[in-house]
Amino acid sequence: MKLTVKQARLFSGKTQQEIADLLSVHVQTYMKWEKNPDEMSVGTAKQFSRIVEQDFESVFFDIESNLNRLDSEGKVTLIEIAR
């Protein structure tokens, strides 16, 4: 199963600020990448994968993911990850 960038971060137990610090970017830059992961460079994506201890191939770096679903109000929500 592929994880979204946000799911990979949550699964790692790290905050957005911690990831931003480890990637040497401002937290707002990381937050933008979490919403639009296709804007992240390949090098940064690989570094992110190492930080969250996931194989590069197991993280989905695109905005259209089948790991999202619509809630009862038609809003996109992330599928919960079982730890």
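Rule-based calculations on the coordinates, nothing more; no lab input. Keep in mind that this is a model prediction, so the values were computed, not measured. A quick note on method: Cβ atoms are made from the backbone with ideal geometry, for glycine too, and the neighbour counts reach across all protein chains shown.
Annotations for the structure displayed:
- One decimal place: the segment VAL27-ASP55 gains 7.8 nm when fully extended, by the rule 0.36 nm per residue minus the C-alpha distance.
- Evaluating 6.51 cos²θ - 1.76 cosθ + 1.60 at θ = phi - 60° for every residue in segment 39-50, the Karplus couplings come out as 8, 7, 5, 4, x, 5, 4, 5, 5, 4, 4, 5 Hz, glycine and proline recorded as x.
- Placed amide H near VAL59: partners under 5 Å, 5+ positions off or other chain: LEU3
- Panel order for ARG50, ARG9, by other beta carbons found within 10 Å of each beta carbon, from fewest to most: ARG50, ARG9.
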